[in-house]
Amino acid sequence: MDQRAGTGQMLAPLLAALLAPLLALLLVSCDGAKRQQQQAAELRQRQLTALLSRCRSQQATVRQQVESLASSKARLSRLSLQTYIPLQRPLAPDPELLARFTREDQELELERHGQALERWRQADRAGKRRWQEQQQARRGALTAGREQALAELSRLGVAPTAEARAAWSSCDQAQLEALKSAQAGLVLKRGR
């Protein structure tokens, strides 16, 4: 047992000499982690301040584009609900009135009605075709307006979501911060 006690006494100063630098290193690394966390928090705050400043400087333009986008979408929706209203069909000859006519006059009246029906069909087809062309032109113009507003918002750095448009329109700090965090999360997921 004496030999073990002697070995233990010899190891004690050696262990103390090794533990002191390990403890110091551990304390320094804890301090370093705290410092890194603090620096990361300061960086996030600077980024958020810069984001708020940028948001405020372009808020009027963002609002204008958001309104243009909403208007285009609403008008496109209303346009899709519209239907063609056909021309009024010519009335058929009154059977009681026809009964008073001679057979030749009845045939002539029915022939006139048939011709009027054919003219109506042609005019209605042409009217429907013009209406459809006008609808297509309106749809194209509204779609172009919508795409232009989306492109302008994208150029301003606004993501193509309703949440992003709301955050950038109001420059609300909490909404912008949540949006920034969500975008950072998407970037991390894509990187995997």
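Values quoted throughout were computed directly from the atomic coordinates according to the rules given, and no laboratory measurement underlies them. Given the structure is predicted, the values throughout are model-derived calculations rather than measurements.
If the reach is capped at under 16 angstrom between alpha carbons, list the aspartates and glutamates near LYS34, excluding any in the same chain fewer than eight residues apart.
GLU42
What is the extension gain from LEU87 to ALA166, computed as 0.36 nm multiplied by their sequence separation minus the C-alpha to C-alpha distance, in nm to one decimal?
Extending this stretch completely gives an extra 23.9 nm.
Hey, what do the phi angles of segment 83-98 turn into as Karplus ³J(HN,Hα) couplings, whole Hz, using 6.51/-1.76/1.60 and θ = phi - 60°, x for Gly and Pro?
Whole-Hz 3J(HN,Hα) from phi for segment 83-98: 10, 6, 9, x, 5, 5, 6, x, 6, 6, x, 5, x, 5, 5, 4.
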